[in-house]
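The values are calculated or read from the model by the stated rules, or taken from the named source; none is laboratory data. None of these values were measured; they are calculated from a predicted model. Methodologically, a virtual Cβ is constructed for each residue, glycine included, from the backbone with ideal geometry; neighbour enumeration extends over all protein chains shown. Please note that ligands, DNA and RNA were not included when accessible areas were found on the heavy atoms of the full protein model with its side chains. Shrake-Rupley method; radii C 1.70, N 1.55, O 1.52, S 1.80 Å.
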Amino acid sequence: FTWLPQRTGLAAGIILAGCGAGAFLFVQVQTFFINPHNLDPTVPNEYDSSEKYFDDPGILRRTRQAYLLTAGIYAVLQLIGSLLLVNRFSDSPEVNIERNVETDKLLKSSKQRQSPTSVQVMPTADEVGPRQVICQRAFYYLWLTSMLLSVALFFILSLYKSFGMTFIVDDHFHAIVGSAASVFNSLGRLAFGYVADRFTFKTALVSLCLITSVLLLSFDLTMLMGKPGFFIWVCLQFGCIGGTYAVFPTGTTRLFGKRHFSANYALVFTSGAVAVVIGAIVATSLQTYVGWTNLWFFPAATSGLAGMLAMSTRYFNV
């Protein structure tokens, strides 16, 4: 945020876009390494005959090897990335002293132009640390909204391919879908980050929740659309997933300031752990008892509830 202090939403989108873009390459690498001949799964799930697993010895062996392959690639990329990290400003004491002197001059000049009654000493949002954050009602609105939306996104991430495999049995096609979806994941972070900067945090969040709900409610229709419809819906859904990781960091800085951003956002991010537990329990039960047709109503409802919660509070008008 120090590089783009007036565009925190865009800054978050740019930084986090790299996380989504990484899957564009690695989904293809992993799929073609593990299943180069595009074999179909053959072992049915004992609880759901429409869901099948692979039993080919080559695929099972290469699955274990894929972890070593990707770990080696990630290690090299992380090393390169860490070597490229730099501070925005110089660490030279002389440069910092000169900058502080210039800043003091500007502040004094600004105060001289103001009348004595117009100068007020107020605590800034930067002073809100983790201990103060957990005592604020706005934090719990933010945490609960994040948790509800994360449940919906968990359903998409964990079940989109299993759902697609029920009517599109093509592992290479799903690899292409995953790669394209990762691009939309990155674009979603940029787009919703821009919306948060251009309008308000509430506008970006409510829009994100509404779009996610509509896409989940209509996801079952892709069974009638085939590959094109499934491709489009998954890409749009992943755009919403990406938007989440740009909107909530922006909201955290708007509500509680930048100084303690890391600690404050870590508290907000604990909502994701709760969402994963809820999503894992509910997704397994729902898929077993109601099937794929009615499964998507639950995550659509949690996303819609998150949107209504965000719309109902004044804290998000930042």
The extension gain from Gln65 to Leu25, computed as 0.36 nm times the residue separation minus the Cα-Cα distance, is 12.6 nm
Quick one: putting +1 on the C-beta of Lys and Arg, -1 on the C-beta of Asp and Glu, what dipole do you get for the range 147-279 around its Cα centre, in Debye to the nearest 20?
560
Specify whether the C-alpha gyration tensor of the range 255-318 places it in the rounded, prolate or oblate class, a ≥ b ≥ c being the square roots of the eigenvalues: rounded for a/c under 1.5, otherwise prolate if a/b is larger than b/c and oblate if not.
oblate
How much of Tyr140 can a 1.4 Å solvent probe reach, expressed as accessible area in Å² and rounded to 10?
120
Apportionment of accessible area to carbon and sulfur, the range 202-243, percent (1.4 Å):
83
Write down the accessible area per residue of the range 189-318 in Å², having rolled a 1.4 Å probe over the full set of protein chains.
44
Where q = 0.11, 0.13, 0.23, 0.24 Å⁻¹, what log10 of I(q)/I(0) comes from the Debye formula for the range 143-235, counting one point per Cα?
-0.36, -0.49, -1.25, -1.31
Order the following by accessible area, largest value first: Leu221, Leu84, Leu149. Probe radius 1.4 Å; ligands, DNA and RNA are ignored.
Leu84, Leu221, Leu149
If you rank Thr203, Thr284 by how much accessible surface each has, with a 1.4 Å probe, what is the order from largest down?
Thr284, Thr203
Once fully extended, how much extra length lies between Gln78 and Cys135, figured as 0.36 nm per residue of separation less the alpha-carbon to alpha-carbon distance?
16.8 nm
Length added when fully stretched, Asn38-Ala280, from 0.36 nm per residue minus Cα-Cα:
84.3 nm
In whole percent, and with a 1.4 Å probe on the protein chains, what portion of the accessible area of the range 132-182 is carbon and sulfur?
62
By the mean-Cβ-within-10 Å protection proxy, highest first, 189-200, 228-239 rank as 189-200, 228-239
Using 12 Å as the cut-off for backbone N distance, which residues of the range 190-231 belong to the label zone defined by a point 7 Å from the Cα of Thr166 along Cα→Cβ?
219-224
Per-residue accessible area for Lys52 at 1.4 Å probe radius, Å² rounded to 10?
110
